[in-house]
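Undergrad: Shown below is the structure under consideration.
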2 protein chains.
Amino acid sequence: MSGEMNGARSLVRTLIDSGVEVCFTNPGTSEIHFVAALDAEPEMRAILGLFEGVVTGAADGYARMAAKPACTLLHLGPGLGNGLANLHNARRARVPLVNIVGEHATYHRHLDAPLTSDIKSIASAVSGWIRTSQDAQSVAKDGAEAVAAAYGPPGQVATLILPANTAWDAPGVPVQRIAPQTPPAPDDARVGDIARVLKDAGESASILMNGPVLSEEGLSLASRISVATGARLLTDTFVTRMARGAGRPVVWRVPYLGEEAAELLEGTRHLVLVGTKAPVSFFAYPGKPSELTPQGCTVHTLAEPAEDGLAAMAALVEALGATKVAPALADELRPDLPSGALDPKKIAQVVAHLLPENAIVMNEAATAGRPVPGFTAKSAPHDWMDLMGGAIGQGMPAATGAAVACPDRKVLCLQADGSAMYTVQALWTQAREELDVTTVIFSNRRYAILEMEYSRVGAGEPSAATRSLFDLSRPDLDWVGLARSMGVEGVRASTAEELARGLERGLRESGPYLVEAVLGG
Amino acid sequence: MSGEMNGARSLVRTLIDSGVEVCFTNPGTSEIHFVAALDAEPEMRAILGLFEGVVTGAADGYARMAAKPACTLLHLGPGLGNGLANLHNARRARVPLVNIVGEHATYHRHLDAPLTSDIKSIASAVSGWIRTSQDAQSVAKDGAEAVAAAYGPPGQVATLILPANTAWDAPGVPVQRIAPQTPPAPDDARVGDIARVLKDAGESASILMNGPVLSEEGLSLASRISVATGARLLTDTFVTRMARGAGRPVVWRVPYLGEEAAELLEGTRHLVLVGTKAPVSFFAYPGKPSELTPQGCTVHTLAEPAEDGLAAMAALVEALGATKVAPALADELRPDLPSGALDPKKIAQVVAHLLPENAIVMNEAATAGRPVPGFTAKSAPHDWMDLMGGAIGQGMPAATGAAVACPDRKVLCLQADGSAMYTVQALWTQAREELDVTTVIFSNRRYAILEMEYSRVGAGEPSAATRSLFDLSRPDLDWVGLARSMGVEGVRASTAEELARGLERGLRESGPYLVEAVLGG
């Protein structure tokens, strides 16, 4: 039965032919025919998450490292809802991602059975493309279009809603891959204008980047421009994926705090955007500006996120006559291993010292992790990924997905404890799939960012009652116990020596490992 | 500063004056002024959940037992998304619930900062009432209207979106409670018609109930009708809250499986609905009917969910001249304690034997828990709650909320392992708040329902690859370890004797406790 070319199988076949090889899922009854089709189409690797936030976060991490979409398989509106926060993050990361959301059979929907809900409304908050399949014959074509849509440009979440009878009816009709649109290069006039601006502006110009331009190739182009003109190189506070470390250009990130960002941007007269938009503060604060571009600064868009930022940078190098200019690359500079009781700076030093070559760093270390980008800037070369949409609980799932995409690379997940609890189930998938992820939990046992934000929003001093809402102690979470209970070995570290020992072990051995770095313990 | 009567404080004050005393929350920066207002208004109890699915599920369980709404406080669209599945369940349970969803300041929204999303779209899938506050002066009135709207009838989710500046601006203007609408009683003609039908139909009539009519009072009325006319008493497969056990009428529930439901309903010529609608199958299955009302059966609606089912039943008793009829009440009948290796039946027997008087049972035991309702039907009197919307991960959060509502009663949470993993963070809140919840994990280490459904949807026999998607072993979850790591003591049981010992301890001692009942271990 499962071998029949029904709607579900035609969809799986078409997804595979469109380059989608991994399905992160937590399926239910309405998705069973899709699951059954996986038997007949073994080229699709199915990976189970014990909660949909793991599933969608993994698809985000996978897309960043594989540079192509995975699909998710989600159980109706509630399954999509459970995955929504990490789909929000994926939307902000502009990664390609295909959701397959199961739905009641078309003739069952009007009966309003318990799991019926308005899936489209939920999907619309995160999806650039949504379609509900109408019959088995059109499912495959819908799937091929979903994959093409996911590529954008820029990358986006495409959601295909799959009523159960469109999956189980036959015949399904597999279709060929639909080529995604290629991102347009910006026109020559714009490149020429910006080249002239940069030549004149010198150090009063900054180039603010995000997206694919943060590859080694893109940064090398950016560095040539910087060397040739004096322009500063900046990234957004959070980056989708960035090549960093020794042998790559050093780039500053715009700080999270608006006042620090203002300080960094002060004196910038020309801001050139590549794959991003002008900087705004994460939240509004009473009496503080939301827009961070300094007064009197002119904003120039070299490449919108939907345009080919790499090609634009290459054209700009050309226009500046800088093709022969050598980029400024960082020498390796690893801090010494510190000693004694842990603090955020010491964690950063240990991580920077031990970071292995070609590692993938997933950063959701939040407040306690703030020193890490600075200390790792000249560590061994690595790729770095941040939480992009501010919806916490993305780090461990995304590390999981990145490890699926790059089985030959070590993934280091720098993870705040409060955020980690959101999608703690990710550890189980890491254990089941024997993924090569080492997780460092920044265990400060509180939502430290909220303590900081409390005074920043003008709320004064928190009382004991309020403070308890920012507090993760009473009881303390035992991270080593949580990990072990899901099949991941780990160790607790309260000193820099213990952290170095634990991290070394995790990085040396293959498979998942967790180190709880206890702060102020 | 936090003492100022700003929008946030006026809202908290008004919620309290409207009878809302508990706020389940996981706040963020945009909600900090609401948090600060809690300092100035200590009558509102704030309870932290480490994930929003815990927050919203707790509000559902609280509403069922307190018969009034709690509020949630959620962090923008992603926080609402994380809580969406249990809001879906709350919607299906028709309980009153007030969401306060923080949002960017009104002037910050258009900048499309990372956490910006379409909150209304997300909320619309679960909310019967939605409003975005426009300024600090209207926030309190919006809140009072949200509470009144939450009461329905029937109860529903009311979502108030609170831009940060409407919270921090002053002055806020607290307002009085707005009286909710009272549910109308159905008209006399309808009651008279149904009385005549029941008199003639005898045992070929069934009364299908859900909602407030399943209180001890409502069931007593129902039993008088049954004794007087021969009509059978039924409930939906899942009930919001039901008085059960010794001294209460015995009522059958419509089975989950369509074929078993059809068997139970066969021969029913008249189906009288009270607080529910005609039965439909949970999912569609190829070639099987979705509607479960037998052919030739006439459906009569005594009371819609929005009407006063209790008053309707009282009127029906009157119309039948059955006010003096004694209801048929169950004698206590507790199964003996079994022995040996656990199976689902033995778990049910142990639970039924030990169930303490006046306990609150939250049931999300799924497939392995199917024998429990039968064995507990004549146990010590208790209240019973089911997962209503089919979105798993509601049990432990709802048990948490029920324990907050009823600190003097023991809550017994019967919890499937796969579902438990969805919102496992609930255990931490139980530990922090020292809630009197004993959890039994039905640890069959698989999504057993999907194994069953696989063949029922006509997908044939699952392969090893497919079966692994329904499998929670590799690695096994260590439930005692998970609980301990979040501050909840527990024990593992593989035999009926061990389960009885563990359950006895949990029920005897105050505070949270967990027993992992390992099936087929």
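The values are calculated or read from the model by the stated rules, or taken from the named source; none is laboratory data. Here the structure is a predicted model, which means the values were calculated and not measured. We place every Cβ from the backbone using ideal geometry, glycine too, and count neighbours over all the protein chains shown. Side chains are part of the model used for accessible areas, which takes the heavy atoms of the whole protein and leaves out ligands, DNA and RNA. Shrake-Rupley method; radii C 1.70, N 1.55, O 1.52, S 1.80 Å.
Undergrad: Does the stretch B:393-404 include one or more residues that are at negative phi and either surrounded by fewer than 24 Cβ atoms within 10 Å (Cβ to Cβ) or more than 17 Å from the chain's Cα centre (by Cα) (or both)?
TA: no
Undergrad: Here's something else I'd like to know. If A:L412 satisfies all but one of (1) more than 14 Å from chain B (Cβ to nearest Cβ); (2) open to solvent by 10 Å² or more (accessible area, probe 1.4 Å); (3) farther than 17 Å from A:D236 by Cβ; (4) not polar (S, T, N, Q), what's the number of the condition it fails?
TA: With respect to (1) more than 14 Å from chain B (Cβ to nearest Cβ); (2) open to solvent by 10 Å² or more (accessible area, probe 1.4 Å); (3) farther than 17 Å from A:D236 by Cβ; (4) not polar (S, T, N, Q), A:L412 is out only on (2).
Undergrad: Would you say B:D471 is within 25 Å of B:V350 (Cβ to Cβ) and not hydroxyl-bearing (S, T, Y)?
TA: No.
Undergrad: I need the full set of residues from the stretch B:43-58 which are more than 7 Å from chain A (Cβ to nearest Cβ), touching a strand residue (DSSP E or B) at 6+ places or on another chain (Cβ under 6 Å) and aliphatic (A, V, I, L, M), in order please.
TA: B:M44, B:I47, B:V55, B:A58
Undergrad: Go through the residues of the stretch B:347-359 one by one and say whether even a single one is away from every other protein chain (no Cβ under 14 Å), open to solvent by 60 Å² or more (accessible area, probe 1.4 Å) and touching a residue at least 24 places away in the same chain (Cβ under 8 Å).
TA: Yes, there is a match, as at least one residue in the stretch B:347-359 is away from every other protein chain (no Cβ under 14 Å), open to solvent by 60 Å² or more (accessible area, probe 1.4 Å) and touching a residue at least 24 places away in the same chain (Cβ under 8 Å).
Undergrad: Regarding the stretch A:487-508, can at least one residue be identified that is among the hydrophobic types (A, V, I, L, M, F, W, C), closer than 18 Å to A:V424 by Cβ and open to solvent by less than 70 Å² (accessible area, probe 1.4 Å)?
TA: So far as the stretch A:487-508 goes, yes, one or more of its residues are among the hydrophobic types (A, V, I, L, M, F, W, C), closer than 18 Å to A:V424 by Cβ and open to solvent by less than 70 Å² (accessible area, probe 1.4 Å).
Undergrad: Let me ask something else. Quick check on this structure: which one of A:A303, A:A222 is touching a strand residue (DSSP E or B) at 6+ places or on another chain (Cβ under 8 Å), under 23 Å from A:I360 (Cα atoms), of a type in the set (A, V, I, L, M, F, W, C) and surrounded by 22 or more Cβ atoms within 10 Å (Cβ to Cβ)?
TA: The conditions single out A:A222.
Undergrad: Here's another thing I want to ask about it. Considering only residues that are touching a Lys or Arg at 6+ places or on another chain (Cβ under 6 Å) and acidic (D, E), which ones fall in the stretch B:121-177?
TA: Correct list: B:D142 only.
Residues are listed down the side, and each one gets a yes or a no for (1) assigned to a helix (DSSP H, G or I); (2) among the basic types (K, R); (3) open to solvent by 10 Å² or more (accessible area, probe 1.4 Å):
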{"position": "B:S10", "(1), (2), (3)": "yes, no, no"}
{"position": "B:C23", "(1), (2), (3)": "no, no, no"}
{"position": "B:I32", "(1), (2), (3)": "yes, no, no"}
{"position": "B:E43", "(1), (2), (3)": "no, no, yes"}
{"position": "B:G53", "(1), (2), (3)": "yes, no, no"}
{"position": "B:K68", "(1), (2), (3)": "no, yes, yes"}
{"position": "B:L73", "(1), (2), (3)": "no, no, no"}
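Undergrad: Something else: Within the stretch B:97-131, how many residues are more than 7 Å from chain A (Cβ to nearest Cβ), in a loop (DSSP other than H, G, I, E, B) and touching a residue at least 60 places away in the same chain (Cβ under 8 Å)?
TA: Residues flagged as more than 7 Å from chain A (Cβ to nearest Cβ), in a loop (DSSP other than H, G, I, E, B) and touching a residue at least 60 places away in the same chain (Cβ under 8 Å) within the stretch B:97-131 amount to 1.
Undergrad: Sticking with this one: Give me the pairs, please: first residue somewhere in the stretch B:324-339 and modelled with pLDDT of 95 or more, second residue anywhere and among the β-branched types (V, I, T) and outside any loop (DSSP other than H, G, I, E, B), beta-carbon distance under 6 Å, and either six or more positions apart or on two chains.
TA: Pairs found: B:V325/B:V227; B:A328/B:V227.
Undergrad: Working only within the stretch B:12-21, note down all residues that are of a type in the set (D, E) and assigned to a helix (DSSP H, G or I).
TA: B:D17
Undergrad: Those residues that are more than 10 Å from chain B (Cβ to nearest Cβ) and within 15 Å of A:A405 (Cα to Cα), I need them from the stretch A:17-42; list them, please.
TA: Within the stretch A:17-42, A:G19, A:V20, A:E21, A:V22, A:F24 qualify.
Undergrad: Oh, and also: Is it the case that some residue within the stretch A:75-84 is without any contact (Cβ under 8 Å) to a residue 40 or more places away in the chain, open to solvent by less than 10 Å² (accessible area, probe 1.4 Å) and in a loop (DSSP other than H, G, I, E, B)?
TA: Within the stretch A:75-84 (the criterion being without any contact (Cβ under 8 Å) to a residue 40 or more places away in the chain, open to solvent by less than 10 Å² (accessible area, probe 1.4 Å) and in a loop (DSSP other than H, G, I, E, B)), the answer is yes, since at least one residue qualifies.
Undergrad: Tell me, yes or no, whether the stretch B:257-268 has at least one residue that is in a helix (DSSP H, G or I) and within 23 Å of the chain's Cα centre (by Cα).
TA: For the stretch B:257-268, residues in a helix (DSSP H, G or I) and within 23 Å of the chain's Cα centre (by Cα): present.
Undergrad: Filtering the stretch B:226-242 down to residues that are in contact with a Leu (Cβ under 6 Å, 6 or more places away or on another chain) and more than 20 Å from B:F282 (Cβ to Cβ), which residue is least open to solvent (accessible area, probe 1.4 Å)?
TA: Per the criteria, the residue is B:A231.
Undergrad: Here is a further query. Does the stretch A:271-287 include one or more residues that are buried (at least 23 other Cβ atoms within 10 Å of the Cβ), in a strand (DSSP E or B) and touching a Gly at 6+ places or on another chain (Cβ under 6 Å)?
TA: Yes.
Undergrad: Output the residues belonging to the stretch A:427-447 that are modelled with pLDDT under 95 and either facing chain B (nearest Cβ under 10 Å) or closer than 13 Å to A:G506 by Cα (or both).
TA: Within the stretch A:427-447, A:Y447 is the sole residue that qualifies.
Undergrad: Taking into account only those residues within the stretch B:123-173 that are open to solvent by 10 Å² or more (accessible area, probe 1.4 Å) and of a type in the set (V, I, T), which is nearest to B:E31 (Cα to Cα)?
TA: B:T132
Undergrad: For residues that are part of a helix (DSSP H, G or I) and more than 7 Å from every other protein chain (Cβ to nearest Cβ), scanning just the stretch B:475-486, find the one that is nearest to A:E434 (Cα to Cα).
TA: B:W479
Undergrad: Within the stretch A:448-474, track down each residue that is of a type in the set (F, W, Y) and either open to solvent by 60 Å² or more (accessible area, probe 1.4 Å) or within 7 Å of chain B (Cβ to nearest Cβ) (or both).
TA: Of everything in the stretch A:448-474, just one residue is of a type in the set (F, W, Y) and either open to solvent by 60 Å² or more (accessible area, probe 1.4 Å) or within 7 Å of chain B (Cβ to nearest Cβ) (or both), namely A:Y454.
Undergrad: Moving to a separate point now. Would you point out which residue out of B:A493, B:A517, B:A420 is within 12 Å of chain A (Cβ to nearest Cβ), in contact (Cβ under 8 Å) with a residue 12 or more places away in the chain and of a type in the set (G, A, S)?
TA: Criteria check complete, one pass: B:A420.
Undergrad: Which of the residues belonging to the stretch B:498-521 are in contact with a helix residue (DSSP H, G or I) (Cβ under 9 Å, 6 or more places away or on another chain) and of a type in the set (D, E, K, R)?
TA: Result: B:E504, B:E516.
Undergrad: Given the conditions (1) open to solvent by less than 10 Å² (accessible area, probe 1.4 Å); (2) at the interface with another protein chain (Cβ under 7 Å from one of its Cβ atoms), and given that A:M388 satisfies all but one, which numbered condition is not satisfied?
TA: (1)
Undergrad: Give the residues of the stretch B:233-274 that are basic (K, R) and under 15 Å from B:V213 (Cβ atoms), sorted by residue number.
TA: B:R241, B:R244, B:R248, B:R253
Undergrad: Something else about it: Residue under question is A:T229, and the condition is that it be polar (S, T, N, Q) and closer than 30 Å to A:A246 by Cβ; does it hold?
TA: yes
Undergrad: For A:G61, work out the one condition from (1) open to solvent by 10 Å² or more (accessible area, probe 1.4 Å); (2) at pLDDT 95 or above; (3) among the small types (G, A, S) it doesn't fulfil.
TA: Failed condition: (1).
Undergrad: So which residues in the stretch A:306-332 are buried (at least 20 other Cβ atoms within 10 Å of the Cβ), hydrophobic (A, V, I, L, M, F, W, C) and not in a loop (DSSP other than H, G, I, E, B)?
TA: A:L310, A:A312, A:M313, A:A315, A:L316, A:V317
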